[in-house]
Every structure is written in C-alpha cells, then in structure tokens.
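**Student:** This structure is in structure tokens; I'll ask about it shortly.
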Amino acid sequence: DKANYRHFMAKEIHEQPEVVGQTLARYVDMAAKRIALPFELPFDFNDIKRISITACGTASYAGHVAKYWFERLARMPVEIDVASELRYREAPLRKGDLAIVISQSGETADTLAALRYAKAQGLHTVSVVNVPTSTIARESETVLPTLAGPEIGVASTKTFTCQLMVMAALAVAAGKGRGELSDLDELKLVGELIEVPRLIAAAFAIEPQIEKLARDIAKSRAVLYLGRGTSFPLALEGALKLKEVSYIHAEGYAAGELKHGPIALIDESMPVVVIAPYDRVFEKTVSNMQEVAARGGNIILMTDATGASEATVDSLVTIVLPDMAATFTPMVYAIPVQLLAYYTAVVMGADVDQPRNLAKSVTVE
Ligand code: F6R
C-alpha cells in the first residue's frame, strides 16, 4: 500500500522520522539517555582488537559511516569491505574479534558467505538486519534488528538510516565499554541520537527545492558527489541512489581526491553535489568546492545555516538543512540525497520502484 504516495520509494523516504525513531527506541533508554541494546552482547569490547564490517551496496555505505564512528568514539580499528571482496581474498581475521554484517534482506549471497567465513575463523558475529527471519539473522551469533518495516522500493532508503541508527548506538556502546567515553559523553551522544528523528522530519522542509532542482539534474549526463569524513560514504550513497533510479551516471568521491583525477571531468555541464555540514572538515571541503567553481562546475551544496553563510563560492545552489551536532549528520543528510535521486527519476519518467536490471534481494553472487 503506497498510502498517498506515487511510489513506494517516496513513501519509504517519508517514513524515516518514524522508523528511525522506532529503531532508536529499541537501542536507547530514552528517559535515562543511556544506550540500552536489545540483547546483551556475548563479548566484551575490551577483548576485541579489530572490527570487520561487511555488506553490499547501500548497506556497505552504512558500514563505511560506522567505521568513522567506531574509530572516533571507541578508538577501535575497523575494516570495511564489500562482501564479494572479503569472501575470496583470504582476509586474515583474528579469532575472538568481531565481525559485523549489515543487510536489509538478510539474504544477500555474498554477505551471507562473508558471515560464514568470519564464523569459521572463530569471530563473534553480529548482524544488523531488517528481516529477522532471514538466513543471515539465523546464522549470526547476535542479531541487531533495524525496525524499518518492509521495504518495497528496490532502492534502499529507510533501511539505510535505520542501519546507521543501530551502528551509532553500537559505536557509543563500544566507546563506553572500552572507557573511551565517560558517562557524560554517553549522555551527550545519546541526547544527540534522540534528536535525530525530529531533525530528519525537519529536513523535509527542503523537499520543494529539491523537486525543482531535479529538473536540472535530469538534463545532466553525469553528476559528481563529494564529501569528507562521514559525508564521504554519503557521497557514495548519493551517487549509487541516483544511478540506480534515474540511470544518470554518478560518482561519489572523497572531496580530497578531487584533484587526483575527477577534477578533469568538471565543466559547465557537470553538477557537483557537495555534502558538507559545518563540521571539523568543512573548511577543507570548501576549498575543494572552490576548485570546482573555478572550473565552471555547478555546485549544489548541502549544508546547514552556518555552512551556507561561510561558503564563499559562485554558481551555488544551497540546500540548507537543520542545525545539529556534527557526529550523526549522515542520518539527516541522507534525506536530500535520497529525494534528489527520487525526483530526478520521476522527472525522467523512470520506473522508480523497479529500476531496470535490479533485484531487491541478490541471492546469487
Ligand atoms: C541500493 C540497494 C542495494 C542493496 C544491496 C544489499 O539501493 O538496494 O545496493 O543495498 O544489494 O542488500 P541487502 O541490504 O539486502 O543485503
């Protein structure tokens, strides 16, 4: 049932304040502002030397964001791999370490194989899945569910932000468990997580602007997405979403990599989406943006009010998102990224919910 929406993808994008809120409520004690995981973990984070995160597609980008969180909040080394690469390269995993697999369907063949590989090497296994009856859920030691509800649109949207919420809670739990975060740090971070559903809802204020912008994007041959820090995996996700549903070629890059190649692509016909909340790396990203502007590229800057006033560049469309603390911005900046892909596909008349050549669940490798 699409409710009043034209497509499941639109409905699922708009469900995010609610389902991210539901997921949050399963992982934190809202009154005490403490992390409260739904299950006790059968290991101590102090015994884990390294985390290996494995997933495919959008789920892998959620894992990529989480790597930054585990490193920052828990000071834990994290490796992130796409499952098809982990499974065949004989990665040396250490017995007793932690493997996390992330999967909406819980049936993705490569992700399942990566889980089995980690188990065979004697690692603890945690799966973050949306389908609790799935094979991946059944075969992993601990299941951390996303409470996104059924996702019908082939392109993942609400499950991505719910995966991020689970991984954020887990990273804070790890930081706390290892003594890297104090009680006060936990209180502050959980307070920030509690704000996220409301901030996601507020982010929809930019929807009419994105809808208009999509008419220009639909005329482009290719689009570049740039981001730094946790906005880098979001740039990868933005590019994936756009190519999946609109069939426009798109690439995501770490903003700092621009001058190492992709800058050669930039001309007046190239829209460049820059994801840059006003955070510790904002200034660096602005200087990459200036390099784009100097070559005539059309910049679409996704930022907040402070970022918008600090960014001094020409030929700029600015999408202003709600002000928020810097750590968990990917859950909010996912909204404009998803909406841009959605409306561009609608303008182009593409089959948004069933893009050509794609399957919702990839059960063959
Ligand atoms: C992108 C998308 C795919 C999936 C990937 C993993 O919109 O839907 O990239 O994210 O196939 O699927 P799951 O999460 O079911 O393992």
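Values in this text are rule-based calculations from the coordinates and carry no lab data. Owing to the predicted nature of the structure, the values given are computational and were not obtained by experimental measurement. Don't worry about glycine lacking a Cβ; one is built from the backbone with ideal geometry, like all the others, and counts go over all protein chains shown.
**Student:** Write out the GluC sites (Glu not before Pro) in region 185-225 meeting two conditions: DSSP loop, and at most 11 other Cβ atoms within 10 Å of their Cβ. Spell out each step's value before the answer.
**Tutor:** Working: sites: E186, E192, E195, E211; in loops: none.
Here no loop site has a sparse enough neighbourhood.
**Student:** Right, something else. So which lysines pass the test for K119, namely a Cα distance under 25 Å, with those fewer than 8 places away in the same chain ruled out?
**Tutor:** The qualifying lysines are K49, K67, K95.
**Student:** Give me the Kirkwood hydrodynamic radius of region 16-55, using the inverse of the mean 1/r over all pairs of distinct Cα atoms, in Å to one decimal. Each step should come with its number before you reach the end.
**Tutor:** Values: mean 1/r = 0.0806 Å⁻¹.
Across region 16-55, the inverse of the average 1/r is 12.4 Å.
**Student:** Nothing charged except the Cβ atoms of Lys and Arg (+1) and of Asp and Glu (-1): what's the magnitude of the dipole of the chain about its Cα centre? Round to the nearest 20 debye.
**Tutor:** Magnitude of the dipole: close to 360 debye.
**Student:** Continuing with this model, one more query. What ranking do D1, D44 get, fewest neighbouring Cβ atoms within 10 angstrom at the top? Before the final figure, lay out the partial values.
**Tutor:** Working: D1 6, D44 9.
Going from least to most buried by this count: D1, D44.
**Student:** On average over all directions, what projected area in square nanometres does the chain have, based on the convex hull of its Cα atoms?
**Tutor:** Mean orientational projected area (the chain, Cα hull): 17.1 nm².
**Student:** By its C-alpha gyration tensor, with a ≥ b ≥ c as the square roots of the eigenvalues, how is region 1-127 shaped: rounded for a/c under 1.5, else prolate for a/b larger than b/c, else oblate?
**Tutor:** Details: a/c = 2.30, a/b = 1.35, b/c = 1.71.
Note, shape of region 1-127 comes out oblate.
**Student:** Do any of K11/K243; K158/K284; K188/K241; K33/K284 go past 26 Å between their Cα atoms, and which?
**Tutor:** Result: K158/K284; K188/K241; K33/K284 exceed 26 Å.
**Student:** Of V82, T146, I210, which is farthest towards the positive pole of the chain's charge dipole, taken about the Cα centre with +1 and -1 on the beta-carbons of Lys, Arg and Asp, Glu respectively?
**Tutor:** Positive-most Cα among the choices belongs to V82.
**Student:** In the neighborhood of D1, defined by Cβ-to-Cβ distances under 14 Å, what is the net charge if each Lys or Arg adds +1 and each Asp or Glu adds -1?
**Tutor:** With Lys, Arg at +1 and Asp, Glu at -1, the net is -1.
**Student:** Please list the three semi-axes, largest first and in whole Å, of the ellipsoid equivalent to region 211-294, using sqrt of 5 times the eigenvalues of its alpha carbon gyration tensor.
**Tutor:** Values: eigenvalues 80, 41, 27 Å².
Computed over region 211-294, the values are 20, 14, 12 Å.
**Student:** For region 77-220, rounded, prolate or oblate, judged on the Cα gyration tensor with a ≥ b ≥ c (square roots of eigenvalues), a/c < 1.5 rounded, else prolate if a/b > b/c?
**Tutor:** Numbers: a/c = 2.10, a/b = 1.31, b/c = 1.60.
Taking the square roots of the gyration eigenvalues as a ≥ b ≥ c, region 77-220 is oblate.
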